[in-house]
1. Does residue 51 fit the bill of being part of a strand (DSSP E or B) and either without any contact (Cβ under 8 Å) to a residue 12 or more places away in the chain or of a type in the set (Val, Ile, Thr) (or both)?
2. Mind checking which residues of region 1-47 are buried (at least 19 other Cβ atoms within 10 Å of the Cβ), over 19 Å from residue 67 (Cα atoms) and among the β-branched types (Val, Ile, Thr)?
3. (1) free of Cβ contacts under 8 Å to residues at least 12 places away in the same chain; (2) closer than 29 Å to residue 185 by Cα: which one isn't true of residue 118, the others all being true?
4. Kindly provide the set of residues from region 58-77 that are surrounded by 13 or more Cβ atoms within 10 Å (Cβ to Cβ), out of contact with any Cys (no Cβ under 6 Å at 6 or more places or on another chain) and either hydroxyl-bearing (Ser, Thr, Tyr) or part of a loop (DSSP other than H, G, I, E, B) (or both), ordered by number.
5. Go through region 95-120 and report how many residues are farther than 30 Å from residue 1 by Cα and crowded, with 17+ Cβ neighbours inside 10 Å.
Amino acid sequence: MAWFFADTDITTENYTLTGEDASHIARSLRMKVGEKLTLCTPDGRRHECEITAFSRDEVVVRILCSTECEQEPTVKISLFIALMKGDKLDDVIQKAVELGVHEITPFLSTRCISRPDEKSLVKKQQRWQKIADNAASQARRGILPRVNPCIDIADLPRAAKACEKAIVFYECGGEKLRDLIPADSRSLALITGSEGGFEEAEIETLKAAGVAVATLGRRILRAQTAPVAAISAAMLLTGNLE
């Protein structure tokens, strides 16, 4: 069944989809009156709907039934990922959303090779958000994970403070993940570096701010592999890959 996201909670019997969603339903999917689709709302509910009418750039649906959305993991993962060269971050964002991250925040560290200007970063963020939205729909997520504006590594401790635990993955070693992530974790900040990894001084600064340092094993993973491995491991340890 086609899967879409509403901008607001639904409290009425009917709802109108507009913009790209309406165009996708009418022109790409070529859906017709009477066909059904799923709408997820910000309040975490899933609504099974039936198309009742088409108009110019609008699709009207009737709510048939509503339930709590069960697609979301029990742990909210905030992924902090260093900027990478080229379009490597595109694939990471796609896979991270498919695996269940709650939000993604790019950051600049000392060894980042990619250093786009402010205007380029705005355009990149818009593209990354669209990639995240498409991945959320494909994976049948209950929410649209946010891709936040890029920050500096110095701002990481403050940005990750809302999570129960913040973990940085260091290529030079650290604690085992199973010792850091309890099965009942509710929120985690996972931090991974760029192609050049982290400087030791950056790790020490993060440790001083209360960030735990972890390892992903004895092998050195590529910058675009490490976040996918970290998210997968965290999901497994919290029972969200069962």
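The values are calculated or read from the model by the stated rules, or taken from the named source; none is laboratory data. Small disclaimer: the values here were computed from a predicted structure and weren't measured. Note that we place each Cβ from the backbone using ideal geometry, even for glycine, and neighbour counts take in every protein chain shown.
1. Working: part of a strand (DSSP E or B): yes; either without any contact (Cβ under 8 Å) to a residue 12 or more places away in the chain or of a type in the set (Val, Ile, Thr) (or both): yes.
So residue 51 passes the test.
2. Residue satisfying the conditions is 25 alone.
3. Unmet for residue 118, out of (1) free of Cβ contacts under 8 Å to residues at least 12 places away in the same chain; (2) closer than 29 Å to residue 185 by Cα: (2).
4. Selection gives 66, 71, 72, 73, 74, 75.
5. Pass one, region 95-120, residues farther than 30 Å from residue 1 by Cα: 105-120.
Pick out the ones that are also crowded, with 17+ Cβ neighbours inside 10 Å and you get 105-109, 112, 114.
Of the residues in region 95-120, 7 are farther than 30 Å from residue 1 by Cα and crowded, with 17+ Cβ neighbours inside 10 Å.
To keep it simple, each residue is scored yes or no on (1) among the small types (Gly, Ala, Ser); (2) at pLDDT 95 or above; (3) closer than 30 Å to residue 38 by Cβ.
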{"site": "100", "(1), (2), (3)": "yes, yes, yes"}
{"site": "128", "(1), (2), (3)": "no, yes, yes"}
{"site": "134", "(1), (2), (3)": "no, no, yes"}
{"site": "151", "(1), (2), (3)": "no, yes, no"}
{"site": "166", "(1), (2), (3)": "yes, yes, no"}
{"site": "173", "(1), (2), (3)": "yes, no, no"}
{"site": "184", "(1), (2), (3)": "no, yes, yes"}
